[in-house]
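Below is one structure; the comments refer to it alone.
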Amino acid sequence: MRAALIQMPVTADKEANLSRACKDLREAKARGADIGVLPEMFCCPYDNRCFRAYGEEEGGPAQRTLSALAAELGMYIVAGSLPELEEGRVYNTSYVYDRHGLQLARHRKAHLFDIDVKGGQRFRESDVLSPGNEITTFETEFGTMGLCICFDLRFEELARCMCLRGAKCLFVPAAFNMTTGPAHWELLFRQRAVDNQCFTVGVSPARDERASYIAYGNSIAADPWGTVLCRAGAGAEILYADLDLNRLESVREQLPLLSARREDLYTLTENKDRRME
């Protein structure tokens, strides 16, 4: 399965951002991509002041454009994320479209990015955004895939739940910053890949030093052994990761951690219930 990691610049012009995303997706298809992945907030500056203004309801214009493009190209599209409006709330939402343009999945970011690092980044998504509450997986001809957004990846339980459902790859539109990126970006993608014996794919916006929020870039893919398959720099770039799913099965056979952990969980739960009785 060839994944295209589209690390694109994001400007204040929503239409220009959408046009750039479509252009890059067309290039990815021409290079043999089965699935194209866009960054978090790919059509909107990552700024609390912008989220509601740039938002759209489910089935809005950006979503219709990407759905139609998926059908035209015959390619899966993980449509990064965008601000989704519903009943007065704003969600940070990622949509997935299949080769026919049908919506396969919708994930609303469950863990909002509320941090205050002394001497570093401060941001509170919860001032504007509302959290989702679902574990999101979707089916392809390659098998089950998982989907989460940025800060969600820090919560190992969410990744574990996706992989216990059978997810072979976790797709993560994300926008780490210049404080958290150098410290934790590669570490987290390799760690989740090793913990859950799956592929991980993280796609960031390109870095813009003039922006109010400076994304780290460094879009990345890691395999179930924790090997980095590809990693971008700071600027606009399309990376291609060939995900060998036989590699995943081989690692899981050699180190059968997922099945063992599932059995251990049941055993621990049963023992706890007996002690309570």
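The values are calculated or read from the model by the stated rules, or taken from the named source; none is laboratory data. Keep in mind the model is a prediction, meaning the values are calculated, not measured. Positions of Cβ are generated from backbone atoms using ideal geometry, with glycine treated the same way; all protein chains shown enter the neighbour counts. SASA here: full protein model, heavy atoms, side chains in, ligands and nucleic acids out. Shrake-Rupley method; radii C 1.70, N 1.55, O 1.52, S 1.80 Å.
From G132, G202, which residue is outside any strand (DSSP E or B), open to solvent by less than 30 Å² (accessible area, probe 1.4 Å), in contact with a Ser or Thr (Cβ under 8 Å, 6 or more places away or on another chain) and not polar (S, T, N, Q)?
G132
Does G226 qualify as being open to solvent by less than 40 Å² (accessible area, probe 1.4 Å), outside any strand (DSSP E or B) and on the phi > 0 side of the Ramachandran plot?
Taking the combined requirement at face value, the residue satisfies it.
If the requirement is being of a type in the set (A, V, I, L, M, F, W, C), assigned to a loop (DSSP other than H, G, I, E, B) and touching a residue at least 60 places away in the same chain (Cβ under 8 Å), which of these qualifies: A241, A211, A234, A167?
Among A241, A211, A234, A167, only A211 is of a type in the set (A, V, I, L, M, F, W, C), assigned to a loop (DSSP other than H, G, I, E, B) and touching a residue at least 60 places away in the same chain (Cβ under 8 Å).
Please specify each residue of region 152-194 satisfying the condition of being of a type outside the set (A, V, I, L, M), more than 16 Å from the chain's Cα centre (by Cα) and surrounded by fewer than 17 Cβ atoms within 10 Å (Cβ to Cβ).
R165, G166, P182 - these are the residues of region 152-194 that are of a type outside the set (A, V, I, L, M), more than 16 Å from the chain's Cα centre (by Cα) and surrounded by fewer than 17 Cβ atoms within 10 Å (Cβ to Cβ).
Return the residue satisfying two criteria in turn: it lies in region 53-94 and is charged (D, E, K, R) and within 16 Å of G132 (Cα to Cα), and of such residues it is least open to solvent (accessible area, probe 1.4 Å).
E84
Can you give me the number of residues within region 135-151 that are aromatic (F, W, Y) and either open to solvent by less than 10 Å² (accessible area, probe 1.4 Å) or at positive phi (or both)?
Of the residues in that region, 1 qualify.
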